[in-house]
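Taking it in order: structure first as structure tokens, then the write-up.
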Amino acid sequence: MKFLVLTDLHGKKSALEWINPMITKENIDYVLFLGDAVEMPCAAQESANMISLIDSDRILAIPGNIDSPGLVDILDTVAENMHGKGKQLGDLYIAGLGGSNPTIFDTPFELQEEEIFEKLNAISKEGMILMVHAPAYGFNDVIPSGISVGSKAILDIVKKYRPKLVLSGHIHESFGKKEMDGTVFINPGAVRDGRCAIVSIDGDSIDARLIGPLD
């Protein structure tokens, strides 16, 4: 199965000029959108409108910390809402959670670590694909000052359930691929900066191609 992984669009409509042709050219099965559709301040409908510009009828999406929490209530109008939900795709199981752990910026959609763990623990399965906006602590989560700002609750979930793949965004400059104990961690980088990832999964084989900048 082939996924186009997008995150942190931040209202850059011109990015759709290369995203949409890529969906067709690469024969993408599902688009996974990891949040932050627009910039602050924003209304939920603005985020939904931006996601609706992605030219696919197979979009699995979660909100980011910049998106309004109200997006959860209307996300199903433009994509399949994966916030706090799990979905079986053939032999793949995907669990999703949007928002982020607390930040110094007091952004619209932040969750306490305890709530993150509780929500993910309720939907997690061993060997899953985990799609989250915030990264796990220590993985693709380093800001320019050199500090890791990822979620310790997400890391605890990773250690408990050993997902085969963890997809996150949020920290634009910390894009890349890492591995730990059989789990692959990918931050494709911000769509706003012309970045994305194409991930192909065949059984236990994961092929990840980080792309960009393209705009």
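Using 0.36 nm per residue, how much length does the chain from D55 to D204 gain when fully extended, once their Cα-Cα distance is taken away?
50.8 nm
For the pair Q112 and M1, what calculated FRET efficiency results from E = 1/(1 + (r/R0)^6), where r is the Cβ-Cβ distance and R0 = 45 Å, to the nearest 0.05?
Given R0 = 45 Å and the Cβ-Cβ separation, E is 0.85.
Net charge within 13 Å of E113 by Cβ-Cβ distance, Lys/Arg positive one each and Asp/Glu negative one each, not counting E113 itself? Could the numbers behind the result be given before it?
Numbers: positive: K119, K152; negative: E110, E114, E115, E118, D156.
Charge balance in the 13 Å sphere: -3.
Listing L167, L89 from the residue with the fewest other Cβ atoms within 10 Å to the one with the most, what is the order? Provide the component values of the computation, followed by the final result.
Working: L167 28, L89 15.
Result, fewest neighbours first: L89, L167.
Taking amide hydrogens as modeled 1.01 Å from N in the peptide plane, which residues meet the under 5 Å criterion relative to A136, leaving out close sequence neighbours?
Those qualifying (amide H under 5 Å, at least 5 residues apart or on another chain) are S151.
Each label point is 7 Å from the Cα along the Cα-to-Cβ direction; what then is the distance between the points at S145 and K178, in nm?
1.8
For H133, what is the net charge nearby, where nearby means another residue's Cβ is under 10 Å from its Cβ and Lys, Arg count +1, Asp, Glu -1? Write down the numbers at each step before the final one.
Values: positive: none; negative: D8, D36, D67.
Net charge in that neighbourhood comes out at -3.
Just to check I understand the Karplus step: with θ = phi - 60° and J = 6.51 cos²θ - 1.76 cosθ + 1.60, what whole-Hz values come out for the range 205-212, glycine and proline as x?
Calculated HN-Hα couplings, in order: 8, 10, 10, 10, 10, 7, 10, x Hz.
Using the Karplus curve 6.51 cos²θ - 1.76 cosθ + 1.60 with θ = phi - 60°, work out ³J(HN,Hα) for each residue of the range 22-36 in order, rounded to whole Hz, and write x for Gly and Pro.
5, 4, 6, 4, 8, 6, 6, 7, 9, 9, 10, 9, 9, x, 6
Quick one: order S56, S124 by neighbouring beta-carbon count within 10 Å, fewest to most.
S56, S124
Once every DSSP H run of n ≥ 4 in the chain is given -39500 (n - 2.57) and the sum is divided by its residues, what mean residue ellipticity at 222 nm do you get, rounded to the nearest 500 deg cm²/dmol?
The per-residue figure over the chain is -5000 deg cm²/dmol.
Going by how many other Cβ atoms sit within 10 Å of their own, how do D36, D57, D156, D73 line up, fewest first?
Working: D36 31, D57 8, D156 17, D73 12.
Ascending Cβ contact count within 10 Å gives the list D57, D73, D156, D36.
Summing +1 for each Lys or Arg and -1 for each Asp or Glu, what net charge is found among the other residues whose Cβ lies under 12 Å from the Cβ of G203?
Net local charge, G203 excluded: -3.
May I ask you to list the lysines whose Cα is less than 26 Å away from that of K119, ignoring any residue fewer than eight positions away on the same chain?
K85, K87, K152, K159, K160, K164, K177, K178
None of the figures in this text is laboratory data; all of them are computed from the coordinates on show. These numbers were taken from a predicted model, which means no experiment stands behind them. Note that we place each Cβ from the backbone using ideal geometry, even for glycine, and neighbour counts take in every protein chain shown.
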